[in-house]
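The values are calculated or read from the model by the stated rules, or taken from the named source; none is laboratory data. Only a predicted model underlies this, so the values are computations on that prediction, with no experimental measurement involved. The protein model used for the area step is the full one, side chains on, heavy atoms only, and it has no ligands, DNA or RNA in it. Shrake-Rupley method; radii C 1.70, N 1.55, O 1.52, S 1.80 Å.
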Amino acid sequence: ARPLEQMKLRARFDLAVTLTRAGKGFTMTEQPIAIDRTPLRLQGLAGSSLYRSARAAGAPAKVVETYMKALASRMSVGREVKRADSFDLIIERERAATGETRLGRLLYAGLDRGGRKVQLARLPGEDDGDWYDVNGQTQKRGAMGMPVAGRITSSFGKRMHPVLGFMRMHKGLDIGAPRGTPIHAIMDGVVQFAGRSGGYGNFVKLAHGGGIASGYGHMSRFVVRSGARVKQGQVIGYVGSTGMSTGPHLHWEVWKNGATVNPRSLKLSSVAVLSGAKLRAFRHAVQQLMAVKPGR
Ligand SMILES: [Zn+2]
């Protein structure tokens, strides 16, 4: 048997190691491998299947899935994507001087829809976070969802008050639903108030970003406390008829910068979320991404 004289191995993507016999043992030398971290940018036409076209362009399946999910936060991917729309993906990439390439996460999700662009990126360091529009807003599609499964029994505006019997401004929407139906937070926020509040009965008020607040009245009971953080869709209480009410329903009120607005008129698209240092960091990252040239 011959003794081992030298052994080379790839210890890491960016590091090779050589072991050389020296007396009774070995000495180890490290050879760092230079890595180019320029991301990969893939562009092309959606064609008959956006998914297949992006895959064919060279994007890994996992990355395309992330891309489709990101788009779905802004549009109905199944119905709205046209053949002539073009995709634009920027993917994390490492290229070793020794020739190997490794693809990572999706950094940018773009879709050009004949001039109307969807352009989404994540906040640096928030790998699983929300997708922000390049201007720094999480712009969700369409009108705000309803906090309760039910039907609108009284809309926003002047009306004959059902208990008081005279014309009065109705500052919210009434949604009729059986007692005990769960009430969901319409957006992420912080509980500003949870307790009895005159005619509102059991009342919860949530403060959201961008000067938006929402209130929920006549609850049979509430299940959040003042100061608690709530996520969009989280149950905050149950439909009831407490306070000045003629039957089980939710009185839902929305404020923008302190003034009540028609909840149905509030588009999620108007909600800005990034500001200050976060917005600056985001803009800087987006600027660098947009400078990446398409191609392999
Ligand atoms: Zn009402």
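With a cut-off of 8 Å between alpha carbons and a minimum separation of six or more residues, what is the relative contact order of the chain in percent? 15 percent. Using C-alpha pairs below 8 Å separated by at least 6 residues, the relative contact order for segment 151-266 is 29 percent. Counting 0.36 nm for each residue step from residue 13 to residue 28 and taking away their Cα separation leaves a gain of 3.6 nm. Helix 61-72 axis versus longest C-alpha principal axis of the chain: approximately 20°, rounded to the nearest ten. Summed over the residues of the chain and divided among them, the accessible surface reaches 54 Å² per residue at a probe radius of 1.4 Å. Here's how it looks for residue 237: its modeled amide H is under 5 Å from those of 183, 223, which are all 5 or more places away or on a different chain.
Per 10 Å bin, what is the whole-percent P(r) computed from every C-alpha pair distance within the chain? Using 10 Å bins, I get a P(r) of 6, 21, 21, 17, 15, 10, 5, 3, 2, 0, 0 for the chain. Computed 3J(HN,Hα) for segment 106-116, one whole-Hz value per residue from the Karplus formula 6.51 cos²θ - 1.76 cosθ + 1.60 where θ = phi - 60°, is 6, 9, 8, 10, x, 9, 9, 10, x, x, 7, glycine and proline marked x.
If the segment from residue 61 to residue 36 were pulled out straight at 0.36 nm per residue, it would be longer than the present Cα-Cα gap by 6.7 nm.
Here the chain has 52 percent of its accessible surface on carbon and sulfur atoms, given a 1.4 Å probe and all protein chains in place.
For the chain, the longest principal axis of the Cα atoms and the long axis of helix 276-290 meet at an angle of about 50 degrees. For segment 162-296, the tally of Lys pairs with Cα-Cα distances below 15 Å comes to 5, considering only residues 8 or more apart or on different chains. Remark: segment 226-243, residue by residue, has Karplus-estimated 3J(HN,Hα) of 3, x, 6, 8, 10, 9, 4, x, 5, 6, 10, x, 9, 4, x, 9, 6, x Hz, where x stands for each Gly or Pro and the curve is 6.51 cos²θ - 1.76 cosθ + 1.60 at θ = phi - 60°. In the calculated pair-distance distribution of segment 61-121, the portion above 15 angstrom amounts to 53 percent of the Cα-Cα pairs. Taking the inverse of the mean 1/r over every pair of distinct Cα atoms in segment 151-266 gives a Kirkwood hydrodynamic radius of 14.0 Å. For residue 228, the residues 5 or more places off, or on other chains, whose built amide H falls under 5 Å of its own are 191.
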